[in-house]
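Taking it in order: structure first as structure tokens, then the write-up.
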Number of protein chains: 2
Amino acid sequence: MGLVVQKYGGSSVADAEGIKRVAKRIVETKKNGHQVVVVVSAMGDTTDELIDLAGQVSPVASGRELDMLLTAGERISMALLAMAITSLGHEAQSFTGSQAGVITDSVHGKARIIDVTPGRIRSSVDRGNIAIVAGFQGVSQSSKDITTLGRGGSDTTAVALAAALDAEVCEIYTDVDGVFTADPRVVKKARKIDWIAFEDMLELASSGSKVLLHRCVEYARRYNIPIHVRSSFSGLEGTWVSRQPQGGRAVEQAIISGVAHDTSEAKVTIVGVPDKPGEAAVIFRTVADAEINIDMVVQNVSAAATGLTDISFTLPKDEGRRAIEALEKRRGSIGFEALRYDDQIAKISLVGAGMKTNPGVTATFFEALSNAGVNIELISTSEIRISVVTREDDVQAAVRAVHSAFGLDSDTDEAVVYGGTGR
Amino acid sequence: MGLVVQKYGGSSVADAEGIKRVAKRIVETKKNGHQVVVVVSAMGDTTDELIDLAGQVSPVASGRELDMLLTAGERISMALLAMAITSLGHEAQSFTGSQAGVITDSVHGKARIIDVTPGRIRSSVDRGNIAIVAGFQGVSQSSKDITTLGRGGSDTTAVALAAALDAEVCEIYTDVDGVFTADPRVVKKARKIDWIAFEDMLELASSGSKVLLHRCVEYARRYNIPIHVRSSFSGLEGTWVSRQPQGGRAVEQAIISGVAHDTSEAKVTIVGVPDKPGEAAVIFRTVADAEINIDMVVQNVSAAATGLTDISFTLPKDEGRRAIEALEKRRGSIGFEALRYDDQIAKISLVGAGMKTNPGVTATFFEALSNAGVNIELISTSEIRISVVTREDDVQAAVRAVHSAFGLDSDTDEAVVYGGTGR
């Protein structure tokens, strides 16, 4: 049996009881004959409390010091977890990101992993220990300063270590049973997905599913590390995210993975843009220079009579003001008529393989929305995804209608525990 | 102007307000033209809270993991302090014990410093930064594991860094105004000592004064680093601990530094020990093998008729049970008649230079106790200290009587803030 990397989020280790429960599960895995490397997040709300403290002493904290501060959180949880395992009669050693060889660039607060040199981890597990590694943190290659990886950082740590250690699987433990065909808080009949391809998971993640973040799935796909997303509160099988399902199966027909929704975005519409080459380039360079991440982009067909067109894009709500300011500043050189900003929108996405070659999928999708009385404001598609923008008020009806229309509803409608994941 | 090392204890940085107050003081020192290196303890009760958490997950925590856990405390306080300084417009960088080059042995929980290689600290302050260093922690030379220095560890970190950086002075900030001639909670008229020699401070520290720990003073004496103990709550001059007072003065007559007391010890009396060579050696080897630190040792004159003698020693109360068990186990080979254990004792010590050559000092000491109706149970003296053991109930009367008898009472009796120091 090979090496298993397990990652436990903050909600799984929120208190002493949680830590002891997680310790038991780790020991079970070890008893089953695996080498075990565990990546752990900070306990419960520790990170938020530390950020709050930082706000109290300084309005503008330096990235280096904020990272030094926040990494204390994992230091606490990993040491406690190692103690809890030891008290179950197994040897455990905890390692900081730096000790574990997680080498990053120097961008404090959202560092990127540039190398993983897990020599100490390898020799610790080879001596029979369970290695506990602080998630979310690393050490910068140039300055040797402590860095943090930003949102989803602990998942990324786990996948990166799994890749560097050639692990059999990277298990991501969370407070839900896996990845669902829709958000179970919205769709009671949402089903747990047993297997999903990396590509589909990437689309779900960027379409609003919060169980796994895009960045960690991308890393897993690049190094072909199977991820098993499962609950730390139950013993159930969760969702496997990998290149191919165990045993393989025919994928000629469309396989709908799920319906995701996202209400964290706003829509900017630039009205009356001269329909000539280079206009869009100027607009999106302006937005990019303001370091704003845009999502969907749609350009309506130009009205021949006026020679003017409208361009719409979506972006995170909290970047809306900066985008508007940046565009207004260049209104002269771009030459548009008006800017419209709308943050009462929702994005609903259908994700699945083989969609493009199954025209019926798009039709069914739109019919479902229409029957539910939901108006479509923007449409955007990729190989394995259709996304629409609707009114925010319509999001629940829209998700339920689409979920039903594609036969995703489970037969039972038992309540499913669901919540956000940690880092 | 040279480099100053400042150390702030947990009570000085107990909350955001405390951290901001400390930051201001540090910046003032920097503005006065000094290079500044700051050693900081964990905030307020952080360490106790972490120990409590450890107790909840595991009855017996490994030293390595406990150290990993506890060092999170300084990580939090030092990062917050750096942020607070930065928000005052000065550059500050925080460093872990490991980053600061505090190299220790591998004895987790009470590691000893074996080397200090402060290259990163030096280059940080040379670039104009204020360097903030985590107290109480280091990294083991052999295993590269995180270690802690045990009680008084942060003070020791400060003095060790001051020595390695050839600092002008090591300032120990605490919640009292300095070292007093007696515990101000007991003796209202206790006076702040302006200057005290290393040797006298060592005796005070081992006699129950808690402002500075023995270990840190010993380190300062070895490397001749002047210590300035002062309050972080006032701007007052505190107590200088150094080889010689500024300006020098005659030390032919006895200079009484102060009266210390200690109620944390217990007394063990071994009754009826055969008065022959080697007996004492067997007894104290037995105690040493149980890793018990004993303090005073007194052997009564042998009663000629019986050829038996009594040996008494004092030791920390919480090691009493182990000492009794260890001695009982070897009752056969030692051959004593009985063991007596008494934890209702107090030790009162008078410390000062030139004591041995001034016989009047001892006489005055005993007369003061006698006049106060305090019975003396054990006596032990050194070059610069006389200690007696009395009933615990008598400790306050005894300390006040001795303090008065040596003219240490101040003319005023204003209340003095007093409390324990942090790590």
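Which value, in debye to the nearest 20, describes the size of the charge dipole of the stretch B:261-355 about its Cα centre when Lys and Arg Cβ atoms bear +1, Asp and Glu Cβ atoms bear -1, and nothing else is charged? Computed about the Cα centre, the dipole is about 180 debye. Each residue in A:L204, A:L236 was given a count of other beta-carbon atoms within 10 angstrom of its own, and listing them fewest first yields A:L236, A:L204. Relative to the Cα centre, the charge distribution of chain B, modelled as +1 at Lys and Arg Cβ and -1 at Asp and Glu Cβ, gives a dipole magnitude of about 900 debye. In the protein assembly as shown, the calculated helix contribution to ellipticity at 222 nm averages -10000 deg cm²/dmol per residue, counting -39,500 (n - 2.57) for every DSSP H run with n ≥ 4. Label the protein assembly as shown by shape, choosing from rounded, prolate and oblate, from the square roots a ≥ b ≥ c of the eigenvalues of the Cα gyration tensor; if a/c is under 1.5 it is rounded, and otherwise prolate applies when a/b is larger than b/c, oblate when it is not. Verdict is prolate for the protein assembly as shown.
Counted over the stretch B:3-175, the DSSP beta bridges are approximately 20% antiparallel. Against chain A, whose longest principal axis comes from its Cα atoms, helix A:153-164 is set at around 60 degrees.
Axis-proximal residue of chain B for the rotation onto chain A, reported as residue and distance in whole Å: B:A72, 2, based on Cβ position.
Structural descriptor for the stretch A:252-407: relative contact order 32 percent, calculated from alpha carbon pairs under 8 angstrom and at least 6 residues apart. Annotation: peptides B:152-164, A:156-168, A:211-223, ranked by per-residue average of other Cβ atoms within 10 Å with the highest first, follow the order B:152-164, A:156-168, A:211-223. A point 7 Å from Cα along Cα→Cβ stands in for B:G335, and the other copies hold the same point at 11.5 nm, listed in rising order.
Each other copy holds its own label point for A:S142; taking that point as 7 Å from Cα along Cα to Cβ, the gaps run 3.9 nm, nearest first.
Report the net charge of residues surrounding A:S123, where surrounding means a beta-carbon distance below 14 angstrom and charges are Lys +1, Arg +1, Asp -1, Glu -1. Neighbour charge sum, excluding A:S123 itself: +1. Placing +1 on each Lys and Arg Cβ and -1 on each Asp and Glu Cβ, with no other charges, gives the protein assembly as shown a dipole about its Cα centre of roughly 1340 debye. So if R0 is 35 Å, what FRET efficiency would A:T306 and A:R185 give, r being the distance between their Cβ atoms, rounded to the nearest 0.05? That pair, A:T306 with A:R185, gives E of 0.20. Exposure proxy ranking for B:K188, A:K31, based on other Cβ atoms within 10 angstrom of each Cβ and starting from the fewest, stands as A:K31, B:K188.
The string of couplings for the stretch B:382-396 from the Karplus curve (6.51, -1.76, 1.60, θ = phi - 60°) is 9, 3, 10, 8, 10, 10, 10, 9, 10, 5, 4, 4, 8, 4, 5 Hz, one whole number per residue in order, with x for Gly and Pro. Computed from the Cβ-Cβ distance with R0 of 25 Å, the FRET efficiency linking A:E377 to A:N224 stands at 0.05.
Between B:E28 and A:S142, the modelled label-to-label distance comes to 3.8 nm, taking each label 7 Å out from Cα in the direction of the beta carbon.
Taking every alpha-carbon pair under 8 Å whose residues sit at least 6 apart, the stretch A:3-249 reaches a relative contact order of 20 percent. Whole-Hz Karplus values for the stretch A:57-65 come out as 8, 7, x, 10, 7, 6, x, 4, 6 Hz, taken residue by residue from phi with 6.51 cos²θ - 1.76 cosθ + 1.60 and θ = phi - 60°; glycine and proline positions read x.
With contacts defined as alpha carbon pairs under 8 Å and 6 or more residues apart, what's the relative contact order of chain B in percent? Relative contact order of chain B: 16 percent. Quick one: of A:K7/A:K192; B:K31/B:K210; B:K7/B:K144; A:K24/B:K329; A:K144/B:K24; B:K110/B:K347, which pairs are farther than 30 Å apart, Cα to Cα? Distance filter (> 30 Å) returns B:K31/B:K210; A:K24/B:K329.
Counted by Cβ distance under 9 Å from A:S231, the other residues give a net charge of -1, where Lys and Arg count +1 and Asp and Glu count -1. With point charges of +1 on the Cβ of Lys and Arg and -1 on the Cβ of Asp and Glu, referenced to the Cα centre of the stretch A:47-115, which listed residue (A:V107, A:L88, A:Q56) lies farthest in the positive direction of the dipole? The one lying farthest along the dipole's positive direction is A:V107. Ordered by the number of other Cβ atoms lying within 10 Å of each residue's own Cβ, fewest first, A:D342, B:D318, B:D15 fall into the sequence B:D318, B:D15, A:D342. Axis angle, to the nearest 10 degrees, between helix B:359-371 and the longest C-alpha principal axis of chain B: 80 degrees.
How would the stretch A:3-249 be classified by its alpha-carbon gyration tensor: rounded, prolate or oblate, with rounded meaning a/c under 1.5 and the a/b versus b/c comparison settling the rest? Taking the square roots of the gyration eigenvalues as a ≥ b ≥ c, the stretch A:3-249 is rounded. The residues packed around B:R321, meaning those with a beta-carbon under 15 Å from its beta-carbon, carry a net charge of -3 if Lys and Arg are +1 and Asp and Glu are -1.
Assuming a ≥ b ≥ c are the square roots of the Cα gyration tensor eigenvalues, decide whether the stretch A:252-407 counts as rounded (a/c under 1.5), prolate (otherwise, with a/b larger than b/c) or oblate. It comes out prolate by the Cα gyration axes. DSSP finds beta bridges in the protein assembly as shown, and of those with both partners inside it, around 60 percent are antiparallel. DSSP finds beta bridges in chain A, and of those with both partners inside it, around 60 percent are antiparallel. Take A:G278, push a point 7 Å out from Cα through the beta-carbon direction, and compare it with the same point in every other copy: 10.6 nm, smallest first.
Throughout, read-outs are computed from the coordinates displayed, never taken from laboratory work. Nothing here was measured: the structure is a model prediction, and the numbers come from that model. Neighbour counts run over all protein chains shown; Cβ positions are idealised from the backbone, glycine included.
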